[in-house]
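This report concerns only the one structure given below.
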Amino acid sequence: MTIAITGATGQLGRLVVEALKARASAAELVALVRAPGKAAEFGVVTREADYDRPDTLDRALEGVGTLLLISAPKVGARVGQHRNVIDAARRAGVGRIVYTSALHADRSPLDVAPDHRETEAAILASGVPYTILRHGWYTENYESTIQGAVAGGALLGSARDGRISSATRADYAEADAAVVATGGHEGRIYELAGDEAWTFTDLAAEISRQVGREIPYRDLPPAEYASLLRSFGLPDGLAQAIAGWDAAAADGALFDDSRQLSALIGRPTTPLATVIASALAAVGVG
C-alpha cells in the first residue's frame, strides 16, 4: 500500500514521515511537497504537489492507497487548497483520506475551527473513505511563552483557570502514523489530546519549580493581553489571535479527557514538565 503525506517538510509532516518509516517500508511512502529537493534527506519517494496547482496533485496522487492530508498553514486560503487535494484524491481513486483537523472542530469556538469544519464536510461529500484526526493544541505552542515568563518574571495570559489538554507534535505524529499505516479506522473521527490537562497556574508553578524561583501567573482581560503583546512587537493580528485562543481555552475549547491519543500511540503522552525543561534548556535556563 502506498501512503502519501502532504506538507511532508513541515514541522508535523517531518515527524510523521519518520514515524511511518518505523511502520512501513520507505518504498511505500511518498512525501508530497512543493519543492521535492527539500525532502531528499527523508529517504522516501518524493513528488511535487502544489495545493494551488491541481495538475501537480493529479500526478502526485497516482497509485496512492492512503493519503494523509496535513492541514495547510494559511488560514483563509486553505479550505480551497484542501478542496483541490480532495478532488484530486477522488479523481485518482485514492482509497482513504486521513485528515488532521482541530479538536472538537464541529463545535469549537477557536478561530481556526471553521476551516476544519469546511474541510471535514468536503471530505465527507467526496465519497472517499476517510478518517478524521482532530488534533488538540501542541504543547510547543507555549515554548516562547515559557521563555518570556522566565525573562519577565511572570507568566501572562487570558486563559483564567481553563484546562488545556496539550500534547507534543511528536505525540500527534505518532498517532497519525499509526492510523495511516493500519486498517480499522475507516469512518472514524478521533479527538486527540494529551493525558495531562493543565491550567496556566499549573504552568507557572512548574516553571517556578524548574527555575527555582517564583514565577506567578497574571491573568489579564483578552483586550489588555492583546495590547501588551502588541507592545512586545507582535503584529496586531497575531496578538489578537493569541489572546483569543487563551479566551477560548478559558471556556474549555482546549480540554478533552477521552485519552484517545494515548490509546493510539500505546503510551502516555509527553508530560508538560518535559516540554518546559526543553524550552528552558534552549535559552540556557534550568
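Scan segment 196-224 for residues that are under 22 Å from residue 285 (Cα atoms) and either part of a helix (DSSP H, G or I) or in contact with a Pro (Cβ under 8 Å, 6 or more places away or on another chain) (or both) and jot them down.
200, 201, 202, 203, 204, 205, 206, 207, 208, 209, 210, 211, listed by residue number.
How many residues are modelled with pLDDT under 95 and either hydrophobic (A, V, I, L, M, F, W, C) or touching a helix residue (DSSP H, G or I) at 6+ places or on another chain (Cβ under 6 Å) (or both) when one looks only at segment 251-286?
First, pick out the residues of segment 251-286 that are modelled with pLDDT under 95: 282-286.
From what is left, the residues that are either hydrophobic (A, V, I, L, M, F, W, C) or touching a helix residue (DSSP H, G or I) at 6+ places or on another chain (Cβ under 6 Å) (or both) are 282-283, 285-286.
Qualifying residue count for the region: 4.
Whether any residue in segment 231-248 is touching a strand residue (DSSP E or B) at 6+ places or on another chain (Cβ under 6 Å), modelled with pLDDT of 95 or more and among the aliphatic types (A, V, I, L, M) is what I want to check. Spell out how you get there, then give the answer.
Pass one, segment 231-248, residues touching a strand residue (DSSP E or B) at 6+ places or on another chain (Cβ under 6 Å): 246.
With modelled with pLDDT of 95 or more added as a condition, the list becomes 246.
Filter again for among the aliphatic types (A, V, I, L, M), leaving none.
The answer is no, given that none of the residues of segment 231-248 is touching a strand residue (DSSP E or B) at 6+ places or on another chain (Cβ under 6 Å), modelled with pLDDT of 95 or more and among the aliphatic types (A, V, I, L, M).
Go through segment 231-286 and give me each residue that's small (Gly, Ala, Ser) and open to solvent by 40 Å² or more (accessible area, probe 1.4 Å). Can you show your working first?
Quick first cut of segment 231-286, residues small (Gly, Ala, Ser) only: 231, 233, 237, 239, 241, 243-244, 247-250, 252-253, 258, 262-263, 266, 273, 277-279, 281-282, 284, 286.
Across segment 231-286, the qualifying residues are 231, 233, 237, 258, 263, 266, 277, 278, 281, 282, 284, 286.
For the condition open to solvent by 20 Å² or more (accessible area, probe 1.4 Å), aliphatic (A, V, I, L, M), part of a helix (DSSP H, G or I) and in contact with a Leu (Cβ under 8 Å, 6 or more places away or on another chain), what is the one hit in 170, 175? Write out each step before concluding.
On the way: 175 fails: open to solvent by 20 Å² or more (accessible area, probe 1.4 Å).
Result: 170 is the single residue among 170, 175 that is open to solvent by 20 Å² or more (accessible area, probe 1.4 Å), aliphatic (A, V, I, L, M), part of a helix (DSSP H, G or I) and in contact with a Leu (Cβ under 8 Å, 6 or more places away or on another chain).
Suppose we keep only residues that are surrounded by 16 or more Cβ atoms within 10 Å (Cβ to Cβ) and among the small types (Gly, Ala, Ser) within segment 30-64. Which one would you say is nearest to the chain's Cα centre (by Cα)?
31
Can you tell me which residue among 79, 64, 94, 75 is part of a helix (DSSP H, G or I) and either touching a Ser or Thr at 6+ places or on another chain (Cβ under 8 Å) or over 17 Å from residue 172 (Cα atoms) (or both)?
On the way: 64 fails: part of a helix (DSSP H, G or I); 94 fails: part of a helix (DSSP H, G or I); 75 fails: part of a helix (DSSP H, G or I).
On inspection, the qualifying residue turns out to be 79.
Among the listed residues 4, 27, 19, which satisfies the condition of being part of a helix (DSSP H, G or I) and either open to solvent by 30 Å² or more (accessible area, probe 1.4 Å) or within 19 Å of residue 126 (Cβ to Cβ) (or both)?
Details: 4 fails: part of a helix (DSSP H, G or I); 19 fails: either open to solvent by 30 Å² or more (accessible area, probe 1.4 Å) or within 19 Å of residue 126 (Cβ to Cβ) (or both).
Exactly one of 4, 27, 19 is part of a helix (DSSP H, G or I) and either open to solvent by 30 Å² or more (accessible area, probe 1.4 Å) or within 19 Å of residue 126 (Cβ to Cβ) (or both), namely 27.
Would you tally the residues in segment 186-195 being crowded, with 19+ Cβ neighbours inside 10 Å and in a loop (DSSP other than H, G, I, E, B)?
Total satisfying the criteria: 2.
Have a look at 65, 93 and point out the one that is farther than 21 Å from residue 189 by Cβ and among the small types (Gly, Ala, Ser).
Values: 65 fails: farther than 21 Å from residue 189 by Cβ.
On inspection, the qualifying residue turns out to be 93.
Could you grab me the full set of residues in segment 122-164 that are surrounded by fewer than 24 Cβ atoms within 10 Å (Cβ to Cβ), under 21 Å from the mean Cα position of the chain (by Cα) and assigned to a loop (DSSP other than H, G, I, E, B)?
Within segment 122-164, 137, 162, 163 meet the criteria.
Limited to segment 7-16, what total is found for residues that are touching a residue at least 60 places away in the same chain (Cβ under 8 Å), within 25 Å of residue 266 (Cα to Cα) and surrounded by fewer than 24 Cβ atoms within 10 Å (Cβ to Cβ)?
Looking only at that region, the number is 4.
Using beta carbons and a limit of 6 Å, which pairs, at least six apart or on different chains, have the first residue in segment 247-275 and part of a helix (DSSP H, G or I) and the second one among the polar types (S, T, N, Q) and open to solvent by less than 20 Å² (accessible area, probe 1.4 Å)?
Final answer for the pair search is 247/158; 261/269; 262/269; 275/139.
Are any of the residues in segment 45-66 modelled with pLDDT of 95 or more, within 19 Å of residue 182 (Cα to Cα) and among the hydrophobic types (A, V, I, L, M, F, W, C)?
So far as segment 45-66 goes, yes, one or more of its residues are modelled with pLDDT of 95 or more, within 19 Å of residue 182 (Cα to Cα) and among the hydrophobic types (A, V, I, L, M, F, W, C).
Taking segment 204-230, which residues are among the aromatic types (Phe, Trp, Tyr) and loosely packed, with under 12 Cβ neighbours inside 10 Å?
Across segment 204-230, there are no qualifying residues.
The values are calculated or read from the model by the stated rules, or taken from the named source; none is laboratory data. Note that this is a predicted model, so its numbers are computed, not measured. A quick note on method: Cβ atoms are made from the backbone with ideal geometry, for glycine too, and the neighbour counts reach across all protein chains shown. Ligands, DNA and RNA are stripped out before the accessible areas are found, and what is left, the full protein with its side chains, is counted by its heavy atoms. Shrake-Rupley method; radii C 1.70, N 1.55, O 1.52, S 1.80 Å.
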